[in-house]
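Structure in structure tokens, see below.
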Amino acid sequence: MPPANPSSADDSLGKNLRHMALTTSAEKLGFSADDEFPEVYGVLVDWPIDNQTVASILAMRNGTSSLYSNSTFGVIGGEAHAPIRQAARHCVRIAADCLASSEPVADYQLPTRPSVYFYLLTYGGVRRCAGVEAG
């Protein structure tokens with residue numbers, strides 16, 4: 001029997017993938033600090049698209065990249081394309097510049113407009129910095 005609300009499965013998929021990205025340790029992913037990525041191994045950016053939908057963009061040191069949402073869309077597997085792998089790795093390097101202005105967090109709430117959250121995935125835990133959407 002199909003679920004009463006077909007979109008409920010889709011709605012939870014993006015949320016579950018986002019949660020997994022934020023809670024899986026670097027060690028479990030096979031990442032450890034090195035000269036290229038000494039502190040930050042990934043970044044997840046939560047960006048409210050409208051008053052109901054938040055896009056979560058993930059970039060990891062190995063080039064893994066995905067787009068999740070709390071709605072019914074998402075794209076995973078961007079790392080299959082060399083330019084996307086390179087962009088993801090570059091994004092992680094840039095995110096490391098925000099480390100000093102971030103704070104450790106244990107909850108991973110979604111922002112509301114006009115806030116944008118940057119979750120830095122570090123070897124010592126998750127940190128967050130907040131920004132405001134320009135425009």
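The values are calculated or read from the model by the stated rules, or taken from the named source; none is laboratory data. All values derive from a computational prediction rather than experimental measurement. As a convention, Cβ positions derive from the backbone with ideal geometry for all residues, glycine included, and neighbour counts pool all protein chains shown. The accessibility values were calculated without ligands, DNA or RNA, using every heavy atom of the protein model including side chains. Shrake-Rupley method; radii C 1.70, N 1.55, O 1.52, S 1.80 Å.
Before rounding to the nearest 500, sum -39500 (n - 2.57) across all DSSP H runs of length at least 4 in the chain and divide by the residue total; then give [θ] at 222 nm in deg cm²/dmol.
On the way: 3 runs with 36 residues, N = 135.
Mean residue ellipticity, 222 nm, calculated: -8500 deg cm²/dmol.
Please report the carbon-and-sulfur percent of the accessible area for the chain; probe 1.4 Å, protein heavy atoms only, DNA, RNA and ligands left out.
Carbon and sulfur together cover 56 percent of it.
Relative contact order of the chain, please, whole-number percent, based on alpha carbon pairs below 8 angstrom and at least 6 residues apart.
Taking the mean separation of contacting Cα pairs over the length of the chain, I get 26 percent.
Ok, one more. Among (1) 166; (2) 116; (3) 130, which is the computed volume of the Cα convex hull per residue in Å³?
After the calculation, the listed value that fits is (3).
Please list Ser25, Ser101 in order of solvent-accessible area, largest first, computed with a 1.4 Å probe with all protein chains present.
Ser101, Ser25
Another question, if that's okay. Taking springs between alpha-carbon atoms closer than 10 angstrom, which of Leu58, Leu17, Leu44 fluctuates most in the Gaussian network model of the chain?
In this elastic network of the chain, the residue with the biggest mean-square fluctuation among Leu58, Leu17, Leu44 is Leu17.
Let me ask something else about it. Highest mean first, what order results for 91-97, 26-32 on Cβ atoms within 10 Å?
My ranking of the peptides, most packed first, is 91-97, 26-32.
In debye, nearest 20, what is the charge dipole magnitude of region 23-135 about its Cα centre with +1 on Lys and Arg Cβ and -1 on Asp and Glu Cβ, if you could check?
In debye, rounded to 20, region 23-135 gives about 160.
Accessible area per residue for the chain in Å², computed with a 1.4 Å probe and the full protein assembly in place, what is it?
Value for the chain: 58 Å² per residue.
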